[in-house]
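Report on the structure given below.
The values are calculated or read from the model by the stated rules, or taken from the named source; none is laboratory data. Note that this is a predicted model, so its numbers are computed, not measured. So basically every Cβ, Gly included, is an ideal-geometry build from the backbone, and we count neighbours across all protein chains shown.
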Amino acid sequence: MKRLIPAAIILVFIVSICIGAHICVDNACQNTIDDIENYYNKKITATQLENIWKERKEQMALFVNHGFLDKISVYIGQLTIATNDNSPEFETVYKNIESVISLIKAEQKFALHSFY
Amino acid sequence: MISTVLRTIILYIVVTVAIRLMGKRQIGDMQPNELVITLLISEIAAIPLQDTEQPMSIGLAAIFVLVFLEIVISVLAMKSFSVRKLLNGKSVVVIKNGVIDQQAMRNVRMTVVDLIEQLRGQDVFNIENVAFAVLEVNGNLSVLLKKDAQPVTASDIELDLPDDALPLPVISDGKIIYESLNALQTTPQKLYKILKHKDATPKQIFLMTLDRDGNHTIIKKGGEQKI
């Protein structure tokens, strides 16, 4: 039974990673959406939005595909330009961010399509 | 570039620890499930190295799941004969009293050429000399020769030989290995006495082995051989 001790430690480690990743990514995704809405409502500035995203990206990079995060960085850059110019493109860019975030969330959850 | 180097170092450490946790078997001695897990671990470890867009935690989690499964399955296999049989199969007798069991050979999909090759590898050139040949689950062939084909042993001719004393390395590359001295129940003073007799110091020695009976082999550094 001594040999099962490392197995138990590994199991705890795996479960912690899974739960930690789920909570971290879920919170980060929701906070990103909230921050964009705050930016739209002029509660935070473009620079603040970009700085917040940079910090959040570092945290999310531990569990999320870096390609997705880079895409969101590009979209956030486009978003700030779009609003500064009062461009109607804001909605399009916002939808793009939402779709990438939904992909990130879907990766964390168990779904039959990802299982197959 | 730096992140790739760091990832490689971390994954190297993790894979080494993972293989260490799985046990000490060599690749040739692995059971089928161990071989599968080892191959999978090496494949999974390569993914975060090749694709830096993948977070390392995904690769690490997958490696740890495999190690967890391997440990649990090996403990189950140790406890239960049926689990062991299910995972690893069972040994098959392919030669009995010098006669090849053709049905057993077909069952394990082994050709006569393979069988003869493995027999030759064990210095057996005549199938008729074989009492039993067993194909083990790891693919090795164990051979028991008939009594009249077995080499003569000391007990056959009632020869009384002294017990073998295991020689241990007591100096390696100029450094005294105190663990070996303890295992041999001897002291550094006795070691120095032998060296003094040979007119050498520990620093001059590349390798020195010693057994409980005091028999020793000394190889000096710098190309000089046994003294």
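Sort through B:LYS79, B:LYS85 and tell me the only one that's within 14 Å of chain A (Cβ to nearest Cβ) and either farther than 30 Å from B:ASN126 by Cβ or of a type in the set (Val, Ile, Thr) (or both). Give the derivation first.
Numbers: B:LYS85 fails: within 14 Å of chain A (Cβ to nearest Cβ).
Of the residues listed, the single one that is within 14 Å of chain A (Cβ to nearest Cβ) and either farther than 30 Å from B:ASN126 by Cβ or of a type in the set (Val, Ile, Thr) (or both) is B:LYS79.
Residues that are in a helix (DSSP H, G or I) and of a type in the set (A, V, I, L, M, F, W, C) within the range B:164-203 comprise B:LEU181, B:ALA183, B:LEU191, B:ILE194, B:LEU195, listed in sequence order.
Quick check: anything in the range A:81-100 facing chain B (nearest Cβ under 10 Å) and farther than 30 Å from B:GLU70 by Cβ? Full working, then the answer.
Step one: list which residues in the range A:81-100 are facing chain B (nearest Cβ under 10 Å), which gives none.
No, the range A:81-100 has no match at all.
Listed here are the residues, each with its yes/no results for (1) β-branched (Val, Ile, Thr); (2) closer than 29 Å to B:GLU43 by Cβ.
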position: B:ILE58; (1), (2): yes, yes
position: B:VAL65; (1), (2): yes, yes
position: B:ILE71; (1), (2): yes, yes
position: B:ARG84; (1), (2): no, yes
position: B:SER91; (1), (2): no, no
position: B:ILE95; (1), (2): yes, no
position: B:MET105; (1), (2): no, no
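In the range B:113-130, which residue that is aliphatic (A, V, I, L, M) and surrounded by 15 or more Cβ atoms within 10 Å (Cβ to Cβ) is farthest from B:VAL93 (Cα to Cα)? Filtering the range B:113-130 for residues that are aliphatic (A, V, I, L, M) and surrounded by 15 or more Cβ atoms within 10 Å (Cβ to Cβ), the one farthest from B:VAL93 (Cα to Cα) comes out as B:VAL124. Examine the range A:26-43 for a residue that is within 14 Å of chain B (Cβ to nearest Cβ) and crowded, with 16+ Cβ neighbours inside 10 Å, and state whether such a residue exists. There is at least one residue in the range A:26-43 that is within 14 Å of chain B (Cβ to nearest Cβ) and crowded, with 16+ Cβ neighbours inside 10 Å.
Out of everything in the range B:43-59 that is away from chain A (no Cβ under 11 Å) and at pLDDT 85 or above, what residue ends up being surrounded by the fewest Cβ atoms within 10 Å (Cβ to Cβ)? Once the filter is applied, the top-ranked residue is B:GLU43.
Assess whether B:SER82 counts as being among the hydroxyl-bearing types (Ser, Thr, Tyr) and free of Cβ contacts under 8 Å to residues at least 12 places away in the same chain. Break it down into steps so the answer makes sense when it comes.
Working: among the hydroxyl-bearing types (Ser, Thr, Tyr): yes; free of Cβ contacts under 8 Å to residues at least 12 places away in the same chain: yes.
So B:SER82 passes the test.
The residues on offer are B:ILE157, B:ILE177, and the sole one that is in the same structural domain as B:ALA200 (by TED's automatic domain parsing) and not acidic (Asp, Glu) is B:ILE177. The criterion of at least 3 residues that are in contact with a helix residue (DSSP H, G or I) (Cβ under 9 Å, 6 or more places away or on another chain) and not hydroxyl-bearing (Ser, Thr, Tyr) is met, among helices (runs of 4 or more DSSP H) falling completely within the range B:1-120, by B:2-22, B:32-50, B:56-79, B:81-88.
Checking A:ILE33, A:ILE14 one by one, the residue that is in a helix (DSSP H, G or I) and in contact with a Phe, Trp or Tyr (Cβ under 7 Å, 6 or more places away or on another chain) is A:ILE14 and no other. Within the range A:53-67, residues that are more than 12 Å from chain B (Cβ to nearest Cβ) and surrounded by fewer than 18 Cβ atoms within 10 Å (Cβ to Cβ) sit with their Cβ atoms under 9 Å from residues that are in a helix (DSSP H, G or I) and among the polar types (S, T, N, Q), at 6+ positions apart or across chains, in these pairs: A:LYS54/A:SER73.
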